[in-house]
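Working notes for the structure below.
The values are calculated or read from the model by the stated rules, or taken from the named source; none is laboratory data. As the structure is a computational prediction, the values presented were derived from the model and not from experiment. FYI the Cβ positions are ideal-geometry reconstructions off the backbone, even for glycines, and counts take in every protein chain you see.
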Amino acid sequence: MVIPQNTTTDSATADIRYDGPVEVTSWAVAPVLAESTALDFLNTSLYSTGRQIDWLGSGAALVDWLQQVQLLSEQEALEVRRMARLEELDTVAAGARQLRDWFRSFVLRYHGQALTGDALHDLAPINDLLRADALHLQIHVRPPPSDVGSTVSPLHGVWKRREISSGALMYVLGEAVAHAIASLSFANIKYCQGRNCSLVFLDKTSRLSRRWCSMATCGNRAKQASHRKKQQKNPPHAS
Ligand SMILES: [Zn+2]
């Protein structure tokens, strides 16, 4: 995996060229339906009606998506857009697409079964990426607990980066992917059964019965197709 180099911008010399989001597709936003940000990352590229749509087609689009899925706060996204050169962000987006390709092949290989320690042999690229990251712990006020009278401390530790430069975006993505690999039940990762749909998701239903990326799209289409089939088999009697 090629990780973009020399993408950190010196704030004093930054050439401010980015002044707004760039539309890369006619779709409004990338689908967020996978129950996992890392799997939503895979769903940023899909085939639809015979053409490929890529929501990470440019650096500006990458920053928009990172903000959309809250891997960057509004403030951090604003900072990156203000400080980074457009071509730096494009280089990072190329790295992000490469990371996505790698993660896609990993998920394709291991989904539908529980991961074992043997998977470590295939994880060198993500470990190599994250090895160069620099994080430090900060104590913050914890969001209020939902249960009244909770004995949980009002403070908690949060891992932070000194700055969110364009180069740090790869670590933000890498961290999301690494967390997914280390915590998701790969046995419950599924691909949508919709015709010509390539979206992936984590099935979190209690009966593990999720079949579609979304009921509003593929689920409905399948329902209509099955209804049509039934009607063809048993046509209503003419009156
Ligand atoms: Zn689908």
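Here are a few things to note about the model shown:
- The residue that is nearest to the ligand (Cβ to nearest atom), among those in region 201-223 that are part of a helix (DSSP H, G or I) and not hydrophobic (A, V, I, L, M, F, W, C), is THR217.
- Within region 98-153, the set of residues being of a type in the set (S, T, N, Q) and either more than 20 Å from LEU202 (Cβ to Cβ) or part of a helix (DSSP H, G or I) (or both) comprises GLN98, SER105, ASN127, GLN138, SER146, SER150, THR151, SER153.
- When each of LEU108, LEU89 is tested for being under 25 Å from ARG162 (Cα atoms), over 15 Å from the mean Cα position of the chain (by Cα) and modelled with pLDDT of 95 or more, the lone residue that passes is LEU89.
- Residue within region 46-58 that is touching a strand residue (DSSP E or B) at 6+ places or on another chain (Cβ under 8 Å) and of a type in the set (Asp, Glu) present: yes
- Extreme residue, farthest from ARG109 (Cα to Cα), among residues of region 183-198 that are out of contact with any helix residue (DSSP H, G or I) (no Cβ under 8 Å at 6 or more places or on another chain) and assigned to a loop (DSSP other than H, G, I, E, B): ASN196
- Selected residue (criterion: nearest to PHE41 (Cα to Cα)) from residues of region 224-239 that are in a helix (DSSP H, G or I) and either of a type outside the set (Gly, Ala, Ser) or near the ligand (Cβ under 9 Å from one of its atoms) (or both): GLN224
- Annotation note: of GLY157, GLY149, the sole residue that is free of Cβ contacts under 8 Å to residues at least 60 places away in the same chain, more than 16 Å from the ligand (Cβ to nearest atom), on the phi > 0 side of the Ramachandran plot and surrounded by fewer than 18 Cβ atoms within 10 Å (Cβ to Cβ) is GLY149.
- Among the conditions (1) small (Gly, Ala, Ser); (2) away from the ligand (no atom under 16 Å from the Cβ); (3) out of contact with any Lys or Arg (no Cβ under 9 Å at 6 or more places or on another chain); (4) at pLDDT below 95, the only one that SER198 does not satisfy is (2).
- Residue that is surrounded by the most Cβ atoms within 10 Å (Cβ to Cβ) [pool: residues in region 173-195 that are more than 16 Å from the ligand (Cβ to nearest atom) and of a type outside the set (A, V, I, L, M)]: GLY174
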